[in-house]
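The values are calculated or read from the model by the stated rules, or taken from the named source; none is laboratory data. Just so you know, these numbers come straight off a predicted model, no measurement behind them. In this analysis, Cβ positions are derived from the backbone assuming ideal geometry, glycine residues included, and neighbour counts consider all displayed protein chains.
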Amino acid sequence: MSRPLVHVLGGPNLGRLGTRQPEIYGRTSWAELAELCARWAAAVGLELVFEQTDGEGDLVQLIHRAADRQAAGLILNAAGYTHTSVAVRDAVAALAIPVIELHLSNPDAREPFRRQNLLADVVTAGIRGLGVSGYRLALEGMADLLGVRGDARA
Ligand code: DQA
């Protein structure tokens, strides 16, 4: 049986993970995170697409592409665009699949401008402040939302 396809998308500056403000975002690089997510997705019975872009329009297109590829779910760290982008919000709102919003840090515990979140009311669920573990939890949560039972699942 084919595994449900889940897209994990990253927004601007996440390609710099590992060296970018490691005291806030940790020391795991985006490439290392891709490997971890591939392992975690397989363990919970999901097919994974893992992509990142720095551009706002590019991120909108990656969200459209998830829909076009018939993804069953989306895990989105829109990074800075979370706080600013009506276009990213509109693309997410147009999806008919579960969307988990994810942040490595807890934006609410940081600068006041990060408390503006244009995605919070158009997503299914949110995970924040748990670093890289948040991606494992998001993949597990998505598997549960989709009713998937992988080998490693209870
Ligand atoms: C982030 C939090 C955002 O406020 C910030 O702009 C990022 C990363 C996070 O994962 O903690 O780039 O989304």
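Data overview
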| read-out | value |
| --- | --- |
| Residue that is nearest to Arg27 (Cα to Cα), among those in the stretch 59-107 that are within 12 Å of the ligand (Cβ to nearest atom), under 12 Å from the mean Cα position of the chain (by Cα) and not hydrophobic (A, V, I, L, M, F, W, C) | His103 |
| When residues of the stretch 37-56 are limited to those that are in a loop (DSSP other than H, G, I, E, B) and within 15 Å of the ligand (Cβ to nearest atom), the one nearest to Val86 (Cα to Cα) | Gly55 |
| Test: Ala143 is more than 16 Å from the ligand (Cβ to nearest atom), surrounded by fewer than 21 Cβ atoms within 10 Å (Cβ to Cβ) and in a helix (DSSP H, G or I) | no |
| Scan of the stretch 5-36 for residues that are farther than 16 Å from Ser105 by Cα and in a helix (DSSP H, G or I), ordered by number | Ala31, Glu32, Ala34, Glu35, Leu36 |
| The stretch 65-101, subset buried (at least 16 other Cβ atoms within 10 Å of the Cβ) and of a type in the set (S, T, N, Q), residue nearest to Leu5 (Cα to Cα) | Asn77 |
| Only one of Arg136, Arg114 that is more than 22 Å from Glu56 (Cβ to Cβ) and either crowded, with 16+ Cβ neighbours inside 10 Å or not basic (Lys, Arg) (or both) | Arg136 |
| Tally of residues being in contact (Cβ under 8 Å) with a residue 60 or more places away in the chain and either touching a His at 6+ places or on another chain (Cβ under 6 Å) or among the small types (Gly, Ala, Ser) (or both) across the stretch 35-63 | 4 |
| The stretch 137-154, residues that are at pLDDT below 70 and touching a helix residue (DSSP H, G or I) at 6+ places or on another chain (Cβ under 9 Å) | Gly150, Asp151, Ala152, Arg153 |
| Count of residues meeting criterion [touching a strand residue (DSSP E or B) at 6+ places or on another chain (Cβ under 9 Å) and part of a loop (DSSP other than H, G, I, E, B)] in the stretch 96-122 | 7 |
